[in-house]
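See below for the structure under consideration.
The values are calculated or read from the model by the stated rules, or taken from the named source; none is laboratory data. Everything numeric in this text was worked out from a predicted model, so none of it was measured. Every residue, glycine among them, receives a Cβ derived from its backbone with ideal geometry; neighbour counts consider all protein chains shown. Please note that ligands, DNA and RNA were not included when accessible areas were found on the heavy atoms of the full protein model with its side chains. Shrake-Rupley method; radii C 1.70, N 1.55, O 1.52, S 1.80 Å.
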Amino acid sequence: MELMPKLHEIQKELQYYTRFFQENKLYHSSKWTGELLLGLTQEEDLQQSQFAMQFIQKNTDYKYQFIREFVPEYNDIILVARNLFDLREFKKCASLLQNLIHKNESAMFLYYYSQYMYGELRKEEEMFENENSKTAINPELKLLERELSKLYNQKQLNQLNLYLYGLILKDTMRIREAREVFIQVLNQLPCFWSVWLELCKLLTEEDTLDELPNHWMKLFWSSNFNLEKFKNANCVEQFQTLLYYFRNSNFILNQIANAYYNNQEFELSLEWFERLLSIDPYRFESLDTYSNILYIKENQGELANLALQSFTNNKYVPETCCVVGNYYSLMNEHAKAINYFQRALKLDKDCLAAWTLMGHEYLEMKNVASAIQSYRNAVEIDPKDFRAWYGLGQTYALQGMNQYALYYFSRAVISRPKDARMWNAMAECYDKMDKKNESMKCYERANQCKDKEGIAIHQLAKLYDAVGKTDKALSAFEESLKRKDEEQIVDKELSESLLYLAKTFLRRGEKERAMQMAKRLYDFNGPERDEANLIMSQLNK
């Protein structure tokens, strides 16, 4: 781990950036640094944990000093313009600042930023008026790009105006240039979290990161980047290290909870979400993910409480609508669930969770066409989202269209190559198409990916048996039986494993082991008992 500054220096830096971003109307970044400031570990906390104190002392850069001081802007025109910006009178704000843009850097940023926000407002209005419009664009982009490009070439843009220029480059699909500009911003304002998030979207795992600032904020970005790329173990390890410095950071707790959720470790994820809500009971971010876990665990009471609490706190956010939708889905009221997912999409048309969950509901109602459309909308928003690709695959698989299902499952595998569920789905399609070799390869990959549901190993055993790979079949059935015993599961797969092993041991002359398996078959009603009687009669000859 890279060295961190002293806690006092981190505190000074976060205080500066919280006020700086707030003054310049960058509310999301100000909120992020402010909440991180409140989550900072206090000296009295360290007195209670000797290990934490020793860890911080060992990993502290005592030479690091933050020397900037925040100086508020007292220009009367700028003060009035900021009020107009808060009132969303963006055009009036820009008009008031027009004569100051070449005299004051704060005025220049607010002038161009208010025009950008006016364009965003117009774009939202157009999309609201025309619900079928998916191509609405910010009408101010061309003018802003022309003016800021000229100033950029003349090196007249400060760090905030560079950020705005980077946003415009990204919106006009000049990705490489946008990336370069964002890196320039971070080298001047390393605590600018919104810029780090933009880079998460623009960088890939293959990109070199040498140009990023050597600053402690890079640890947060690296951890978040690992979460975005589903490197969940790395993410948890890094964020748990940062918890020594930010003991009560709701951001870190949220990211760890999401990492465990991505890794299907739902019990652990639930624990971290509960800890998060004990610190921040009125939050709405990520509550949809928390509700997904309660839905999976069929915890109707807790999900009902969460839905009521979310609705009471803030019913006009997409996350609340998704929580309530999940509650109705668990109650098998799918029409009401769809209604709430549609509400979420009215509040945010790019709400990925709402499109995907709505696809699941349509599938439950056997409305295949609407399910496919919902999943396709999710894929258009984020082509890397495996859930939507997986949903499309399931939809086509249910229709018996295995070739189409294979394509969509393969896209899901590209997004989540270490997720056993994706490989299992592909294997099942190949099996239905009587392509046993391809099916075996997929199940083998699923087994290598630590298939938590145990589907792969049992299906592999049956396929090995079908193609005459007796030793592999025996080993796979034994592993499947061991798993069932450890999890205390009694089902058809258990009886299949016992029957195969009993017959195999009988054929090999291992009478004692064959008898053990046969006796266990008496626990089942039906043909299993007949098979057990047959095996026992052969053993008694």
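The table that follows gives values for the structure above.
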| quantity | calculated |
| --- | --- |
| Selection count, region 39-78, where residues are surrounded by 15 or more Cβ atoms within 10 Å (Cβ to Cβ), of a type in the set (A, V, I, L, M) and in a helix (DSSP H, G or I) | 5 |
| Hits in region 228-243 - residues which are buried (at least 21 other Cβ atoms within 10 Å of the Cβ) and either under 19 Å from Asp385 (Cα atoms) or free of Cβ contacts under 8 Å to residues at least 12 places away in the same chain (or both) | Cys235 |
| Subset of region 244-286 (residues that are assigned to a helix (DSSP H, G or I), hydrophobic (A, V, I, L, M, F, W, C), over 28 Å from Lys418 (Cβ atoms) and in contact (Cβ under 8 Å) with a residue 24 or more places away in the chain) | Ile279 |
| Search result, residues across region 485-495 that are over 13 Å from Ala456 (Cα atoms) and either open to solvent by less than 70 Å² (accessible area, probe 1.4 Å) or not in a loop (DSSP other than H, G, I, E, B) (or both) | Asp485, Glu486, Glu487, Ile489, Asp491, Lys492, Leu494, Ser495 |
| Single condition His8 does not satisfy, out of (1) in contact with a helix residue (DSSP H, G or I) (Cβ under 8 Å, 6 or more places away or on another chain); (2) part of a helix (DSSP H, G or I) | (1) |
| Which listed residue is of a type in the set (A, V, I, L, M) and open to solvent by less than 30 Å² (accessible area, probe 1.4 Å), from Leu287, Leu268 | Leu287 |
| Unique residue being of a type in the set (Lys, Arg), crowded, with 16+ Cβ neighbours inside 10 Å and modelled with pLDDT under 90 when the list is Arg416, Arg411 | Arg416 |
| Any hit, region 300-313, residues being under 23 Å from the mean Cα position of the chain (by Cα), within 15 Å of Cys351 (Cα to Cα) and assigned to a helix (DSSP H, G or I) | no |
| Total residues in region 347-371, condition open to solvent by 70 Å² or more (accessible area, probe 1.4 Å) and more than 10 Å from His334 (Cα to Cα) | 5 |
| Tally, over region 514-528, of residues that are open to solvent by less than 100 Å² (accessible area, probe 1.4 Å) and either of a type in the set (Ser, Thr, Tyr) or assigned to a helix (DSSP H, G or I) (or both) | 10 |
| Scan of region 79-119 for residues that are within 13 Å of Leu157 (Cα to Cα), in contact (Cβ under 8 Å) with a residue 40 or more places away in the chain and open to solvent by 70 Å² or more (accessible area, probe 1.4 Å), ordered by number | Glu105 |
| Residue satisfying condition, being in contact with a Leu (Cβ under 8 Å, 6 or more places away or on another chain) and either part of a helix (DSSP H, G or I) or in contact (Cβ under 8 Å) with a residue 24 or more places away in the chain (or both), within set Lys170, Lys201 | Lys170 |
| Sole residue being modelled with pLDDT of 90 or more, surrounded by fewer than 20 Cβ atoms within 10 Å (Cβ to Cβ) and in a helix (DSSP H, G or I), chosen from Ser475, Ser480 | Ser475 |
| Condition check for Leu534: over 29 Å from Glu265 (Cα atoms), free of Cβ contacts under 8 Å to residues at least 12 places away in the same chain and part of a helix (DSSP H, G or I) | yes |
| Segments classed as helices (runs of 4 or more DSSP H), wholly inside region 355-453, with at least 3 members that are within 22 Å of the chain's Cα centre (by Cα) and under 25 Å from Lys229 (Cβ atoms) | 368-381, 386-398, 402-415, 420-432 |
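Matching residues to (1) surrounded by fewer than 21 Cβ atoms within 10 Å (Cβ to Cβ); (2) hydroxyl-bearing (Ser, Thr, Tyr); (3) closer than 30 Å to Thr135 by Cβ:
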| site | (1), (2), (3) |
| --- | --- |
| Phe182 | no, no, yes |
| Gln188 | yes, no, no |
| Leu197 | yes, no, yes |
| Cys200 | yes, no, yes |
| Leu203 | yes, no, yes |
| Asp210 | yes, no, no |
| His215 | yes, no, no |
| Leu219 | yes, no, no |
| Ser223 | no, yes, no |
